[in-house]
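For reference, the structure is listed below as structure tokens.
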Amino acid sequence: MSKVKWTLSRKYLNLMLKVDAIAAIAAARRVFKNVELANALGLSETVVSKYYHGISIPATQTAKNILNLLLSDGFVKKYVSRIMSEYGWDLNKVFTEPTFQQYVALYFKYKVISGLAGSILDKLLTLPDYSLNIAAFLSSWFNVPVILAVEEPAIIGYESKAHLALRKGDTVVTVHSVLNNEVADHFSYFISTYELRHILALTIVLMDEESVANKLKKTKIINILP
């Protein structure tokens, strides 16, 4: 059974930081001009451009600084707001934007790393909607399976027979495009039925905030909007 305890060698971690820093710049360039990123990062436009085009790679500390800014809560909210405005707040169009998916998944990746705090992650739990795209990125990075929270098979290639895939006590992270009362009720059923350890709920949009928080009392909710 695949699972990950997120403890990495320093060499691997440094390499990951550099690759992710470049990926964050590339994604951010979707809605921010090069000069905006340069000013925000305290780097020259030439240096940012070289990172973006893969001509040079940031040093480890520079990569950390880039990620600390570009994946900060405030910056990510600004990014999402800009791209939402571009599409007239049409969630169907926004959630199918590849660069948007990658950037949001990268943001969630570091939230998961922080949330694990030495724990073992067994599964990612999601629905067969736009959130599946984000979950697929995370699955690849953490090398853990994505389980669809449905009772019947829905998509070939993803494990959707929850009663076969989930085990009592599994540590799971749930991934959502929109988390509201209805979705919270649905996942609460799965969490309680299979007696799962639900450590994080990742969502782009959080609705019915107080009610959802009450239904997922033992789970930390990470949301981008509002």
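Observations, loosely collected:
- Residue that is surrounded by the fewest Cβ atoms within 10 Å (Cβ to Cβ), among those in the stretch 139-154 that are without any contact (Cβ under 8 Å) to a residue 40 or more places away in the chain and of a type in the set (A, V, I, L, M, F, W, C): 154
- Taking the stretch 161-226 as the region of interest, the strands (runs of 3 or more DSSP E) fully inside it that hold 3 or more residues being more than 21 Å from residue 128 (Cβ to Cβ) are 220-225.
- Members of the stretch 79-90 that are closer than 18 Å to residue 25 by Cβ and surrounded by 15 or more Cβ atoms within 10 Å (Cβ to Cβ): 79, 80, 83
Let's see how each residue does on (1) of a type outside the set (Lys, Arg); (2) surrounded by fewer than 14 Cβ atoms within 10 Å (Cβ to Cβ):
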site	(1), (2)
22	yes, no
37	yes, no
42	yes, yes
64	no, no
73	yes, yes
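- Residues of the stretch 42-68 that are of a type in the set (A, V, I, L, M, F, W, C), in a helix (DSSP H, G or I) and in contact with a helix residue (DSSP H, G or I) (Cβ under 6 Å, 6 or more places away or on another chain): 48, 63, 66, 67.
- Just so you know, in the stretch 92-132 the residues that are under 17 Å from the mean Cα position of the chain (by Cα) and more than 26 Å from residue 198 (Cα to Cα) include one that is surrounded by the most Cβ atoms within 10 Å (Cβ to Cβ), and it is 94.
Only the coordinates and a few stated rules stand behind these numbers; no lab work does. Remember, it's a predicted structure, so these values are computed and weren't measured experimentally. Don't worry about glycine lacking a Cβ; one is built from the backbone with ideal geometry, like all the others, and counts go over all protein chains shown.
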